[in-house]
Amino acid sequence: MTSNLTARVLPYLPGSIQGAGGITVTQVGTVWTVGTPPGFSIDGSGNTTVNALTVTSNQWQSWTPVFTAAGGTIGTQTLNRARFYQIGKYVEFYIDVSITSAGSSPTGDLLFTLPTTQANFGVIGTCAGRDLTLGTLVGGHIDGANHLGHIGSNAGATNVMANNARIMVSGRYEAA
């Protein structure tokens, strides 16, 4: 990645200027050089790294979660969309899944695999969304100990894995 800096060179500003965060601007004759602080870089794809924290230039990435039921067997499902982004240890995700066939008496939460390795302890995140078919809210948590996301109904005993259900949730968790 190349950037051009155009500056008006003033004869009474020779030498270097040290800015906040270690950025250095140096003048030699009519040429100015801008140096980057330690721990800061931008690669050829536009990914920025600051002190080992990498932010990708194309933040949203797709992934294919695997869905199961806490009890019983979930039937046929269609993944409409699943995407995530990660900044450091923070992961944000979005899932849109249609369950066309409930299967063999699925019970409990709808479970799903996560796009990145998560921290390995207790409840490390949450998710919330809507069952578009029933018009009810759904919620869940990210289980670090068992490495799964959970989605359950906020409507009491209503199962989120009904025939023709469409579940859309977003959530966040701590990565390893």
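Pull up region 61-84, narrow it to residues that are among the aromatic types (Phe, Trp, Tyr) and buried (at least 17 other Cβ atoms within 10 Å of the Cβ), then point me to the one that is nearest to ALA175 (Cα to Cα).
Selected residue: PHE84.
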Exercise for review: Considering every residue within region 82-93, establish whether at least one is touching a Phe, Trp or Tyr at 6+ places or on another chain (Cβ under 9 Å) and free of Cβ contacts under 8 Å to residues at least 24 places away in the same chain.
Suggested key: yes
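Rule-based calculations on the coordinates, nothing more; no lab input. Everything numeric in this text was worked out from a predicted model, so none of it was measured. Cβ sites come from the backbone with ideal geometry, for glycine too, and all protein chains shown count toward neighbours.
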